[in-house]
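Enquirer: What follows is a structure written as structure tokens; I'll ask about it next.
Every number here is computed from the coordinates shown, using simple stated rules; none is lab data. Every value quoted in this text rests on a predicted model; they were computed, and no experiment measured them. Positions of Cβ are generated from backbone atoms using ideal geometry, with glycine treated the same way; all protein chains shown enter the neighbour counts.
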Amino acid sequence: MLHSSSSSLSVILLLFLLVNVALSKTLKRDVKALNEIKASLGWRVVYSWVGDDPCGDGDLPPWSGVTCSTQGDYRVVTELEVYAVSIVGPFPTAVTNLLDLTKLDLHNNKLTGPIPPQIGRLKRLKILNLRWNKLQDIIPPEIGELKSLTHLSLSFNNFKGEIPRELANLPELRYLYLHENRLVGRIPPELGTLQNLRHLDVGHNHLVGTIRELIRIEGCFPALRNLYLNNNYLTGGVPAQLSNLTNLEILYLSYNKMSGIIPSELAHIPRLTCMYLDHNLFSGRIPEAFYKHPLLKEMYIEGSSFRPGVKPIGVHKVLELTDTEFLV
């Protein structure tokens with residue numbers, strides 16, 4: 001008898017929860033924000049955003065690209081993914097009112113203008129993907145307030161100015177993509193304090209400085225696997241201390257103004273698989289240890305001043321990342 005009443009109680013509780021979820025209303029703040037975004041994004045998105053409630057209302061499903069979750073008596077918007085639909089116009093500032101967002105993905109559109117400083121309000125944001133747009137102005141330092149951020153991609157835009165040092169305030173950051181912009185100045189060495197940073201790509205900008213400056217903080221970049229510094233205006237040599245980045249797998253230095261010899265210490269980086277030195281001013285010989293490295297598959301050296309007889313390893317190919325790799 002006791003077992004029967006316990007089962008009945010479980011069923012009643014389950015029904016109560018289901019009814020409660022069904023009756024949950026979307027937080028007015030989020031409804032207002034999404035409707036403002038809807039009004040600003042244009043017909044390409046609006047045709048699939050039916051009804052007044054972005055989380056779904058009655059028989060209407062949630063709006064395409066909108067993910068909601070229940071918190072207490074209300075539903076809140078936790079993810080907004082509207083990409084590759086040719087959105088034209090300024091970054092929709094109303095997004096910054098969606099305070100429970102954990103993912104914002106507006107990549108591969110035609111957004112213009114700056115990212116508003118109010119972006120710093122999205123304290124729960126983990127993934128911010130705005131690549132392949134036409135965004136301009138500086139990268140707002142307020143992004144450094146997004147303490148939960150693990151993935152930041154601002155590549156393939158028109159950002160100018162310096163890389164903000166405030167990005168070093170993101171303790172969870174794993175992937176930082178800033179390539180193909182118009183960034184100037186030096187890469188902040190403070191980025192080296194990011195304990196979880198695996199991938200740093202600042203290629204195809206107008207950056208200056210040296211690698212020695214970048215790695216001057218003791219114990220820097222402890223988790224870094226991929227370092228892309230290509231197609232900038234970096235000078236100086238490759239310091240032997242770079243071998244302290246023991247997790248490094250890809251070192252991409254192509255198309256800079258770097259010079260000097262390649263230190264043999266780099267051949268002791270245990271996981272090094274790709275090293276791109278081409279189109280710089282390097283000279284001397286490649287230490288024999290590189291040719292004996294068990295994992296080194298690619299070493300590209302064209303366009304430098306190495307001594308005759310120096311040979312590359314492997315066949316050069318353009319390195320590109322897929323969306324899948326971005327979300328690893």
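Enquirer: Taking the Cα-to-Cβ direction at K292 and at I138 and moving 7 Å from each Cα, how far apart do the two end points lie in nm?
Expert: 5.1
Enquirer: Give the cross-link partners of K257 among the lysines, using a straight C-alpha distance below 28 Å as the criterion and excluding same-chain residues fewer than 8 apart.
Expert: K160, K292, K297, K311, K317
Enquirer: So, R0 is 41 Å and r is the distance between the beta-carbons of K160 and K25; what FRET efficiency does that work out to, to 0.05?
Expert: The pair K160/K25 has a calculated efficiency of 0.40.
Enquirer: Okay, next question. Any chance you could run the full-extension gain for Q241 through T193? It's 0.36 nm times the residue separation minus the Cα-Cα distance, nm to one decimal.
Expert: Full extension from Q241 to T193 adds 15.7 nm.
Enquirer: Further question: Going by alpha carbons, how many degrees (0 to 90, nearest 10) lie between the helix axis of 28-41 and the longest principal axis of the chain?
Expert: Approximately 60 degrees, to the nearest ten.
Enquirer: Order these peptides, 195-205, 294-304, by their mean beta-carbon neighbour count within 10 angstrom, highest first.
Expert: 195-205, 294-304
Enquirer: By how many degrees, between 0 and 90 and to the nearest 10, does the Cα long axis of helix 2-23 differ from the longest principal axis of the chain?
Expert: 80
Enquirer: Could you state the number of Å between the C-alpha centres of region 172-199 and region 35-107?
Expert: For region 35-107 versus region 172-199, the Cα centre distance is 29 Å.
Enquirer: Ok, one more. Nearest 5 is fine: what % of DSSP beta bridges in the chain come out antiparallel, could you say?
Expert: 15
Enquirer: Let me have the 222 nm mean residue ellipticity of the chain computed from DSSP H runs of 4+ only, each contributing -39500 (n - 2.57), with the sum over all residues rounded to the nearest 500.
Expert: Calculated at 222 nm, the ellipticity per residue is -4500 deg cm²/dmol.
Enquirer: If you wrap region 78-326's Cα atoms in a convex hull and average its projection over all directions, what's the area in nm²?
Expert: 12.4
Enquirer: Of the peptides 260-266, 96-102, how do they stack up when ordered by the mean number of other Cβ atoms within 10 Å, highest first?
Expert: Descending packing order for the listed peptides: 96-102, 260-266.
Enquirer: Taking N as the number of residues in region 214-268, what is its alpha-carbon radius of gyration divided by 2.2 N^0.38 Å?
Expert: Taking N as the residue count of region 214-268, the ratio is 1.09.
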